[in-house]
Each structure stands twice: as structure tokens, then as C-alpha cells.
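Everything on this sheet refers to the single structure shown next.
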Amino acid sequence: MPRFTVLETSSLFSNRMKVDYLFEMEMWLKGMERFFQVEYLPLSPFERSHASLKNFVGEVGVIRAGVNHMAMLTTQLLGEGKEDLASFLLYLDGQVGRAPSSEPSARRRSGTEAELALVVEKLDDFSKVLGELSKASLLPLQTYLSLGRIVIGTLRNDLNLGVLFRENLKPLLDRSSKRSLQQVLARLVDPAHKGVLATLFVQLFKELRYVEMARATLGSPASRKRTLLVFSLLRGESEAFCEYLRSRLQSRFPSESPVFEGLERILRARERELRKVMEVELVDVAVMRDPGLALTRLENAAGLLGDLYQQSVISLVETFSSEADGRLLFPDSRPRRRSRSS
């Protein structure tokens, strides 16, 4: 499970530049990285096992939409909040152990605009190349994977964007959610479980935030398909979550205990619902020409995962504290949806 850095303090930013900008940039970058890996693509089991026969032109179009959006976000940062971003980059220098610059702080800040302009230039270059490739009649697997190594490798090596691949920004929680979560953790009987559960809760709220941001992207037909990047990211995040839960928490309990069985139910539900989303709901969305059908599939997928992550939080709370009511965290939660395959 990746570690989480504490980046919630608003003192790092002015009103002109919000933490949400960087949280969103991290999401799209990591989503693109996952989308270049076959195991995280929305494919049927048959397509996944015969990936060498698949045409990846549609997937290239999705990546290009993500690159274009990243360029737009970076341009917005370039237009405002330059001093705040420079402060943030200096802060991250210390967080990730990057060698501190010997240049004065003011000079470092003045170079931020040039650094961001180079980022936009890289993204625009990739957009042009991806645009041409998306018009090809055929793009085989090995070419797609090679393209991914070039694109992601270049972005990872960027002085500033690379930080967002390595770090994990925490989602901003409203006061009510923080207070409810603190109350839930305070009722746990065994203090040894609090740290592990707190990490799991942070990750679940981060996944819920990703789902919210995916839903916000569905409004425009032009931007709709890039939401697939978020679902590929969520599949990868879910695998990390399940591994962390098994190795750091479930392994502490006997296999016949109620807690072990409760955790096993959470694991089975996550794996089952992710398969429904990635192997049923989202299959072929990348190449769909009917915007209405694509929207329906994407909305169904977002609904399934949003409900799943809420239920995971509730189940974790109630597994470890019979006195706590996890539903208080989501007073507006609704019954679980059923996918088309249920």
C-alpha cells in the first residue's frame, strides 16, 4: 500500500490555486500510466487473453484526451497561482528528498513559469503524435506498449510532474466527514488497529473522490471517454487496497474469527464489483460511436464503484466496532446498484 503524505494544509496555497488542481493532475497522470497496462484496461476475459490480436486505436484516443486535459490544467496553473505552485514545488523537494537547489528562493520561483511552459510543450507534442496514431487503421499491442513506455517514461522523468507519480495526495475531507471518521476511530476497542484502519479509510475516501471526479467528467461528450483512465486507476488502486488489507490486517486474525470473515466479505465484494465494471460495463466504451450508450455504461460503472467504496467503509467500521454505525458517514447513501450482468 503506498504511503500517504499530509498535504491537506491550506497554508501552502492561496485562494487562487486549490489543492484540487494537484489532486486532479495526480489522478490523470496515474490513470494514464495504468491505461497503458493491459491488466488494467476495461476488457472482457477473452480480449485480455488475446490482447495480441486487439486493435488499440481506440485506447490511444482515450490517452490523447487525457493528455489534452493535463495540458489544459497545466496551462491554468501557468496563468495563475505561479508563486503558490513554486512554494508547493519547494515543499515537495523536502518531502521526496530531491536535492535542494542552491539558488535563492526568489529565483526558484521565477523559474516556475518556464518549467511549466516546458511541461505544456511536452504534452502538446504528445497530443500531436497521439492524434495521428488515433487515425491509424491498426495499432497492435506491442506498439501500444512501446508508446506507453515513451509517454509515461518522459512524464515520470519530468522534474515536476514526476513528483505526482511518486507521491500520494490525500483527499480533502469536509469537517463533517473528518469529525465522523474521528468518532468512528475513537470507538475502536484495540488501539493497534487504528493506524491500519485509518490508512484504509484514507484510501477509500480517495477512491470515492476519484469516482466523484469521474462523474463530473461525464457531462460533456467530448471529455466523456477520458473517464476510462480513472477506472483503470481505480482497478490498480483496488488491487493495492486488497493486498494491504490481507497482509496488514486480515492476517492478524484466525481464519474462523468473525473479523476475518467480515474482512473476507469486503475483499470478495471489491473483487466481484471491479470485475463487473472492468469486464462488463466498460468493455468497448473506448470505441463506441453512440454517446448516449457510452454515457449509460460510464454512469453505471461510477454508480457501482461509488456504492462499493461507501459499503466498504461501512463494513470496515461495523466489523471492528459493534457500537459504531458506519452509515453515519454517508447519510445520503442509497442501496447498492446492480450491473447489467447481475
- [ ] Could you run the Debye sum over the Cα atoms of region 23-82, one equal point scatterer each and no solvent, and tell me log10 of I(q)/I(0) at q = 0.12, 0.20, 0.21 Å⁻¹, two decimals?
- [x] -0.39, -0.79, -0.84
- [ ] Fewest Cβ neighbours within 10 Å first, please rank F320, F330 accordingly.
- [x] F330, F320
Task: Distance (nanometres) between label positions extended 7 Å along Cα→Cβ at M72 and A117 - done: 2.4
Open item on the list: If you only keep lysine pairs separated by 8 or more in sequence, or across chains, how many in region 175-329 come under 19 Å at the Cα atoms?
Closed with: 4
Task: Distance in nm between pseudo-label sites at R179 and R246 (7 Å out along the Cβ direction from Cα) - done: 4.0
Task: Sparsely packed trypsin sites (Lys or Arg not before Pro) within region 219-327, loop by DSSP, other Cβ within 10 Å at most 12 - done: R289
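Bear in mind these aren't lab numbers, they're just calculated from the coordinates by the rules spelled out. Everything quoted here is computed from the prediction, not taken from an experiment. Every residue, glycine among them, receives a Cβ derived from its backbone with ideal geometry; neighbour counts consider all protein chains shown.
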